[in-house]
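K.L.:
Structure in structure tokens, see below.
The values are calculated or read from the model by the stated rules, or taken from the named source; none is laboratory data. From a predicted model like this one, the values you see are computed outputs, not experimental measurements. Don't worry about glycine lacking a Cβ; one is built from the backbone with ideal geometry, like all the others, and counts go over all protein chains shown. To get the accessible areas, we keep the full protein, side chains included, count just its heavy atoms, and leave off ligands, DNA and RNA. Shrake-Rupley method; radii C 1.70, N 1.55, O 1.52, S 1.80 Å.
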Amino acid sequence: MSVYNEDEVDLRTSIDSILNQTYSDFEFIIVNDNPDNNSIKELINFYTKKDHRIKAIFNEENIGLAESLNRAANIAKGSYILRMDADDISVPDRIEKQLEIIRKNNYDLVCSNYYFINESGKVLERDVKIFNNEDLIKTLPKENVVHHPTVIMKANVFSEMKGYRNFPCAQDYDLWLRMLSNKCTFHMMPEKLLYYRIRSNSITGKNKLKQIHTIKYIKEIFLKYRETGIDEYDYDEYAQYIQKVHNKRTVKDFNRYYLLYQEGLHDLKNKRITKGLKKIVPIIIKSKYFRGRFIEKAKSF
């Protein structure tokens, strides 16, 4: 778990949901990636003294999610790595059930279904599509359908992949595609084993657009690797690409349509077809960012 600036109540609930698992033989590595937040530091120290299974890492400076998780993985001693976000909640038997599946079938990575909750913890009426193993492998090159906080994976595979790479977002998707390129096995459990917290301000238009551009770059280097066997990842090249495509003009254009587009998708999912299309059609005509995305989304309606 990497912690940055989470609400103290949510963080306590998240940590407790791991400490109170039915399976108890684990080490819980928590990385504080916000050295300026003293309340988080004090809370982590409190839990470290409370439970010997917790190991704390305090970054001297903010290094981001990818490097924080790599630091945790570097000191982990277990055969499996299970991911957890600092404001989500694991169901009590999550580890037990995921460990049983990954051991029994010798999968490299297992993810699960999950509940959506709002900021106050209320369960939302939203569902995700569940894929069998074959369809999961086919779908991953097109979109990331493996939800990062629900994952358990083999520690040796994570090590062989050299962990997460230095992307500001979508680090997980880059890892899944590299695992896919190396013939790793994936499995999605239909059981809901996590409560995933949705926040109204969790993804701004600016951050969402950067995520879209980053995913495009990740897909391109994945396809090139499949074709040539050469991994062309280069952080400086990625940074130049982002600087070129991610600017004030493109962010302004994206922000203009993003929220309305999301409202339109919600209407379509709830069978308010005319209302949804009135919102979405003008957007996909005017903005290139939403055309391809809508075509993919429409397949699930």
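K.L.:
Only residues that are assigned to a loop (DSSP other than H, G, I, E, B) and either open to solvent by 70 Å² or more (accessible area, probe 1.4 Å) or touching a Leu at 6+ places or on another chain (Cβ under 8 Å) (or both): list them for segment 104-114, please. Show your work before the answer.
P.N.:
Of all residues in segment 104-114, those assigned to a loop (DSSP other than H, G, I, E, B) come to 106-108.
106 - this is the single residue of segment 104-114 that is assigned to a loop (DSSP other than H, G, I, E, B) and either open to solvent by 70 Å² or more (accessible area, probe 1.4 Å) or touching a Leu at 6+ places or on another chain (Cβ under 8 Å) (or both).
K.L.:
Quick one: in segment 1-29, of everything that is over 20 Å from residue 193 (Cβ atoms) and hydrophobic (A, V, I, L, M, F, W, C), which residue is most open to solvent (accessible area, probe 1.4 Å)?
P.N.:
It comes out as 9.
K.L.:
Follow-up question, since we're still on this one. Looking at segment 145-166 only, could you name the residues that are at pLDDT 95 or above, more than 17 Å from residue 103 (Cα to Cα) and of a type outside the set (Asp, Glu)?
P.N.:
145, 146, 147, 148, 149, 159, 161, 162, 163, 164, 165
K.L.:
Restricted to segment 131-142, and to residues that are polar (S, T, N, Q) and over 17 Å from the mean Cα position of the chain (by Cα), which residue is surrounded by the fewest Cβ atoms within 10 Å (Cβ to Cβ)? Please lay out each step first, then the result.
P.N.:
Step one: filter segment 131-142 for residues polar (S, T, N, Q), giving 132-133, 139.
Imposing the further condition that a residue be over 17 Å from the mean Cα position of the chain (by Cα) reduces the set to 132-133.
On the way: 132: 11, 133: 13.
If we take residues in segment 131-142 being polar (S, T, N, Q) and over 17 Å from the mean Cα position of the chain (by Cα), then 132 is surrounded by the fewest Cβ atoms within 10 Å (Cβ to Cβ).
K.L.:
Next up: Just to check your reading of the model, which residue among 69, 19 is farther than 28 Å from residue 136 by Cα and out of contact with any Cys (no Cβ under 8 Å at 6 or more places or on another chain)?
P.N.:
Only one candidate qualifies: 19.
K.L.:
Can you name the residue in segment 14-54 that is part of a loop (DSSP other than H, G, I, E, B) and of a type in the set (Phe, Trp, Tyr) and, of all such residues, is nearest to the chain's Cα centre (by Cα)? Break it down stepwise before answering.
P.N.:
Kept after step one, since they are part of a loop (DSSP other than H, G, I, E, B), are these residues of segment 14-54: 20-27, 33-37, 51-53.
Checking the rest, the ones that are also of a type in the set (Phe, Trp, Tyr) come to 23, 26.
Numbers: 23: 24, 26: 22 Å.
Looking at the filtered set, the residue picked out is 26.
K.L.:
Here's a follow-up. Only one residue in 101, 63 is surrounded by fewer than 20 Cβ atoms within 10 Å (Cβ to Cβ) and more than 27 Å from residue 34 (Cβ to Cβ), so which one is that? Let's see the steps before the verdict.
P.N.:
On the way: 63 fails: more than 27 Å from residue 34 (Cβ to Cβ).
Sole residue among the options that is surrounded by fewer than 20 Cβ atoms within 10 Å (Cβ to Cβ) and more than 27 Å from residue 34 (Cβ to Cβ): 101.
K.L.:
Considering segment 121-130 alone, what residues qualify as being outside any strand (DSSP E or B) and open to solvent by less than 100 Å² (accessible area, probe 1.4 Å)?
P.N.:
Restricting attention to segment 121-130, the residues satisfying the condition of being outside any strand (DSSP E or B) are 121-122, 124-130.
Hits for segment 121-130 are 121, 124, 128, 130.
K.L.:
Can you name every one of the helices (runs of 4 or more DSSP H) wholly within segment 161-250 that holds 3 or more residues which are surrounded by fewer than 17 Cβ atoms within 10 Å (Cβ to Cβ) and without any contact (Cβ under 8 Å) to a residue 12 or more places away in the chain?
P.N.:
Details: elements: 171-181, 205-228, 235-245.
Here the list reads 205-228, 235-245.
K.L.:
Of everything in segment 251-272, what is aliphatic (A, V, I, L, M) and open to solvent by 100 Å² or more (accessible area, probe 1.4 Å)? Give them in sequence order.
P.N.:
At the first step, the residues of segment 251-272 found to be aliphatic (A, V, I, L, M) are 251, 259-260, 265, 268.
Across segment 251-272, the qualifying residue is only 259.
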